[in-house]
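K.L.:
Can you keep this structure in mind? I'll have questions shortly.
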Amino acid sequence: MSDGATGWGEPLYERVLAGVPEGASVLDVGCGPGVFAAFASRRGFTVTGIDADRSAVAAARREVPAAEFEVGDAHQLDGSFDLVALVQVLAHVTNPLKVLKEAARVGGLVRATVWGREEESDVRLFGEALSPFLPPRGARRTPAGPPPLTEPDRFRKIARTAGLEVLALDEVRCPFDYPDEDALVGPLLTSDIGRYAVNAAGPAAVRAAVLTTFASRRQGEGYRLWNLFRVLDARPA
Ligand SMILES: C[S@@+](CC[C@H](N)C(=O)[O-])C[C@H]1O[C@@H](n2cnc3c(N)ncnc32)[C@H](O)[C@@H]1O
């Protein structure tokens, strides 16, 4: 639920690039519209970005003319880079193990970020605010399969299985700033669970519940949430 917040990624990007010498080559896998690529490029890194989404690649090219961007698949990487960065990508690919194996094959260093557990971040408050309007948890579908990479032990294990030596798995807290109530509530109301809640209780009741839940996160005219991410720091074993 980050659509209304901007600029939150900088502490994460700092950690991804920490200690890597200026001028080093960086492959930004799953670059999206180029926010991390722009940050790395401003810091003097030589950035190549790939993403499966053609429109994201076009946006990244406009955003960061100094970097190279291509449409590509994270499961099949080309070239050789000082650093392979996987910023908020592993939860979106079909096979995170294969992606990490590819990163280990083409990167001297691999740094990959994921969300922390739900209970470690203020983002959980969105679910708490809506829970009175949703079916009881037991009645909701829970995803099948192995535990997600938000579990640090599983993240370490999959990295080792991919042929990486884990140097660190650090926690980074990022401030999510919402300039006003609409920025906080608007994206939530148009999400799947938000629409469900609005259908059940109406927009005014849902908005009031969200603002009450977030009252303690008020900062000036807006809101500040703190969300936790983990950054895997690894190199080919
Ligand atoms: C949550 S976004 C993160 C974007 C960017 N790294 C950032 O932090 O702003 C996930 C990105 O992964 C891309 N993606 C998903 N599967 C992919 C794949 N198999 N190969 C390359 N990119 C992929 C999506 O198109 C999307 O841009």
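K.L.:
Among the candidates A58, A74, which residue alone is among the small types (G, A, S), within 15 Å of the ligand (Cβ to nearest atom) and part of a loop (DSSP other than H, G, I, E, B)?
P.N.:
None of the other options fit; the residue is A74.
K.L.:
Next question, about the same structure. Taking the stretch 185-222 as the region of interest, how many residues are in a helix (DSSP H, G or I), surrounded by fewer than 16 Cβ atoms within 10 Å (Cβ to Cβ) and basic (K, R)?
P.N.:
Result for the stretch 185-222: 1.
K.L.:
With respect to S80, is the statement that it is more than 7 Å from the ligand (Cβ to nearest atom) and surrounded by fewer than 16 Cβ atoms within 10 Å (Cβ to Cβ) true?
P.N.:
yes
K.L.:
What is the one condition in (1) of a type outside the set (G, A, S); (2) away from the ligand (no atom under 15 Å from the Cβ); (3) within 14 Å of the chain's Cα centre (by Cα) that Q88 does not satisfy?
P.N.:
(2)
K.L.:
Only residues that are within 16 Å of V26 (Cα to Cα) and not small (G, A, S): list them for the stretch 77-98, please.
P.N.:
Within the stretch 77-98, L77, D78, F81, D82, L83, V84, L86, V87, Q88, V89 qualify.
K.L.:
Here is a further query. Please tell me if R105 is away from the ligand (no atom under 12 Å from the Cβ) and either in contact with a strand residue (DSSP E or B) (Cβ under 6 Å, 6 or more places away or on another chain) or in a strand (DSSP E or B) (or both).
P.N.:
no
K.L.:
If the Cβ limit is 8 Å and pairs must be 6+ apart or interchain, which residue in the stretch 68-84 that is under 22 Å from E14 (Cβ atoms) and in contact (Cβ under 8 Å) with a residue 60 or more places away in the chain pairs with which residue that is of a type in the set (G, A, S) and not in a strand (DSSP E or B)?
P.N.:
If the second residue must be of a type in the set (G, A, S) and not in a strand (DSSP E or B), the pairs left are D82/A24; L83/A24.
Read the figures in this text as sums done on the coordinates, not as results from a lab. Since this is a predicted model, take the numbers as computed values, not measurements. Here the Cβ is made from the backbone with ideal geometry for all residues, glycine too, and neighbour counts use every protein chain on show.
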